[in-house]
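Before any comments, here is the structure.
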Ligand code: ANZ
Ligand code: ZN
């Protein structure tokens, strides 16, 4: 049974909040707190993941408001992207209409959840007034030499007909993140943003992101993948040609005496020359190389490489396990100490020499047997001339110094960010291709370059937009064509948090002063699937804006919460599994407050949890009880007194404890514990009422505290009951009650109460309170109120009677 008319209550307060504009962001900010949920893709339906995400941010924003902060809590739409284009093609409409229909529906759904956004700051990235600033940003990147155009192999999804970023290619099988089609390689002229120039800062600053989950920090470190090592050159020559010193990168220069071959990537410049002249290399590169295969493959060339220390001659291979975009695209092969090199050398019949020995317990180090497997650890050098006997770490330093061509080198896994997409529904890249001047930037005063009307064709609709494409060169006036690629939508989301601070500004993407007021985002909340791309790009763009646009902050998000999944019977809810619970249905049946309360009490926000009908029903029943306890009191239906007695003291202790504990838990976004505290306070108040007369001040404070503690999570019903209690103004505008004790004191007191409870329970059970002597043992003057409270809780009137008679209480 659904204890109250939630629909009426919720509608009433949503309208009242709206009419009073309670969620408008203050203009003057003293204690700014910026609370942000990752903006959704407007797919048309709010799902449970969204509801959880936005309930977390909403509850936290409301809590910060109660604490007196000036809160910025905006919402917007990540509105460009492929699904809209596909949907438009299927339904013979256009992506714009489809997107705005979806936005309208989802906005209504958000309103029905009672999320308190400042809708005056709404943004949709697909509007020219937003994407104009993506284009502006692109201009700035190019002006600062942080963007460039180059031919590059791209990941191409044949099904989506689009280029994918590395991060959008998933798993060993290299499947498209959207449609699971195996990804192919193509070479295209692409625009890149030079995120690699910030690689060091991006990795170094991770240490300072203490408000981020360790897992996300580690994922970012791994993604950037910094490796310290040595660059050194091997002289390479062939029967008819000298190539001079060819650089290799190694993290293990201590193994250099064990180098028995040299290997080049299939698209290393030397390999590309050999393809023309060497039949075998041609055959290998074009038909055999399989960089994704399990085994390393290669072909021997007629070149030799000179060992930089021993002067020995090494065979040179072209090999597919050498990657062109790692290090220098060439490596020294040390099969004795590297697994891949070992596999390759075994297959190709190349020598395998041990040059590192395990640290000996005592005596001389003995060379390990590397015939079957490489010894990959650090150790002591052997068979290494004057370096024999040195430890690996020291040998690396000495050799980097001594070898003439060697120098310290750093290499990264991170690549520049390719942003070109052959798609319609995105930000047009503001470039004109002139036959004489080449690619020319569209001048700032001609921005935005707006998208033309959608044309339903296969391939990129912008290629088919003949009239739109035709333009003149901004530099020389010649006939020219617009760039038809649009930007990766991760560009849109790499700075949207800045647009919210001044969404209507016409002169710039963001107001510098306002941004410096509000930024960084104090609490960011979203899905773990954004742990790498979105967060890394946002960090990068923030740093560039700090360097070139006067932003005072170099990191965008101080605290990050990656929320867990809402599951059903242990499985992720998904359409394909048919186990989706619709938030709308829950709101209709039980109300938004119930849905919110259930979600927040079910688990800590980072954890996955199972959706449970029972849990929902019990959250609903709790709200009905809350309503009852407030209304019965407000209607004057319970006997009150002004007298202070031990029970009132006990209840007051519980009120203060609830405030202090809930505050600490809300501070840390541990909503389940905060809510539990408030719920148990409501339970105490109900039992207090049932045990006899209540002290009016105590009871009223208890109710008003409970409502404030619960209002971040169940705002509508708390607003209604706040009014019932006779308060002026909204509970969302109320002030958080001050606790009279800190958490330590409270914990101590609670432990005492817990012990007393146990003891009193035993008295009740065992002695059945016939023997007042036993009470002497447990009820010291210090504990008397607790004991009494417990007796009340336990509904043991004879114990209460005995206690009231007891010396220590009288
Ligand atoms: C010699 C060596 C000896 C290496 C040894 C390792 C162990 P990891 O292995 O992840 O630490 N490397 C260099 N350039 C490469 C390229 N373009 N493609 C593929 N591999 C390349 O990465 C560092 C090692 O990767 C480098 O150190 C190099 O092999 C290899 F006992 O050099 B090493
Ligand atoms: Zn021109």
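Where a number appears in this text, it was derived from the coordinates with a stated rule and is not lab data. The structure displayed is predicted, hence computed values, not measured ones. Positions of Cβ are backbone-derived with ideal geometry, glycine not excepted, and every protein chain shown enters the neighbour counts.
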Residue 575 and residue 478 label points (each 7 Å along its Cα→Cβ direction) are spaced in nm at 4.8
Using alpha-carbon coordinates, inclination of helix 715-724 to the longest axis of the chain, degrees
20
Would you mind pulling out the separation of the Cα centroids of segment 120-142 and segment 688-724, in Å?
47
Take the alpha-carbon centre of segment 164-242, take the same for segment 78-104, and report the distance between them in whole Å.
32
Expressed in angstrom and rounded, the centroid-to-centroid distance over alpha carbons for segment 298-346 and segment 537-569 is 41
What is the helix-to-structure angle for 392-402, meaning the angle in degrees between its Cα long axis and the longest Cα principal axis of the chain, kept from 0 to 90 and rounded to the nearest 10?
40
Extension reserve of the residue 272-residue 752 stretch, reckoned as 0.36 nm per residue once the Cα distance is removed:
164.9 nm
At R0 = 22 Å, how high is the FRET efficiency between residue 217 and residue 565 if r is their beta carbon distance? Nearest 0.05 is fine.
0.60
As I understand it, the value is the acute angle between the Cα axis of helix 671-690 and the longest principal axis of the Cα atoms of the chain; what does it come to in degrees, rounded to 10?
10
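Can you give the FRET efficiency for residue 402 and residue 247, using 1/(1 + (r/R0)^6), R0 = 22 Å, r = Cβ-Cβ distance, to the nearest 0.05?
0.80
Convex hull volume of the Cα atoms in segment 329-390, per residue, in Å³? Can you show the working numbers first?
Values: hull volume 6.0 nm³, N = 62.
Dividing the Cα hull volume of segment 329-390 by its residue count gives 96 Å³.
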Sort the following peptides by mean Cβ neighbour count (other Cβ atoms within 10 Å, averaged over residues), highest first: 377-384, 11-18, 208-215.
377-384, 11-18, 208-215
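Where both partners of a DSSP beta bridge lie in the chain, what percent of those bridges are antiparallel, to the nearest 5? Before the final figure, lay out each step's value.
Working: 61 of 83 bridges.
Among the beta bridges of the chain, antiparallel pairing accounts for roughly 75 percent.
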Compute the relative contact order of segment 48-141 as a whole-number percentage, counting only Cα pairs closer than 8 Å that sit 6 or more residues apart in sequence.
35
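Note the full-extension length gain between residue 445 and residue 188 as 0.36 nm times their separation in residues minus their Cα-Cα distance, in nm to one decimal. It would help to have the intermediate numbers written out before the result.
Details: separation 257, 0.36 × 257 = 92.52 nm, distance 2.94 nm.
Gain on stretching residue 445 to residue 188: 89.6 nm.
Sum -39500 (n - 2.57) across every DSSP H segment of at least 4 residues in the chain, then divide by the residue count to get the 222 nm mean residue ellipticity, nearest 500. Could you put the intermediate results ahead of the total?
On the way: 28 runs with 323 residues, N = 810.
Calculated mean residue ellipticity at 222 nm is -12000 deg cm²/dmol.
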In nm, give the distance between the simple-model label positions of residue 145 and residue 552, each being 7 Å from the Cα along the Cα-to-Cβ direction.
3.0
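What is the diffusion coefficient of segment 586-741 in µm²/s, taking the Kirkwood radius over Cα pairs and the Stokes-Einstein relation at 37 °C with a viscosity of 0.692 mPa s?
Working: Rh = 15.9 Å.
Translational diffusion coefficient: 206 µm²/s.
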Log10 I(q)/I(0) at q = 0.14, 0.24 Å⁻¹ for segment 605-696, from Debye over equal alpha-carbon scatterers, is -0.63, -1.25
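Stretched out fully, how many nm does the piece from residue 744 to residue 372 gain, at 0.36 nm a residue minus the Cα gap? Could the numbers behind the result be given before it?
On the way: separation 372, 0.36 × 372 = 133.92 nm, distance 6.09 nm.
Residue separation times 0.36 nm, minus the Cα-Cα distance, leaves 127.8 nm.
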With a cut-off of 20 Å, note down the residues of segment 322-359 whose backbone N falls inside the zone around a label point 7 Å from the Cα of residue 228 toward its beta carbon.
327-328
Note down the relative contact order for the chain as a percent, whole number, built from C-alpha pairs under 8 angstrom at least six residues apart.
14
With a/c under 1.5 counting as rounded, go ahead and sort the chain into rounded, prolate or oblate using the C-alpha gyration tensor (a ≥ b ≥ c being the square roots of the eigenvalues; past the cut-off, prolate if a/b is larger than b/c, else oblate).
oblate
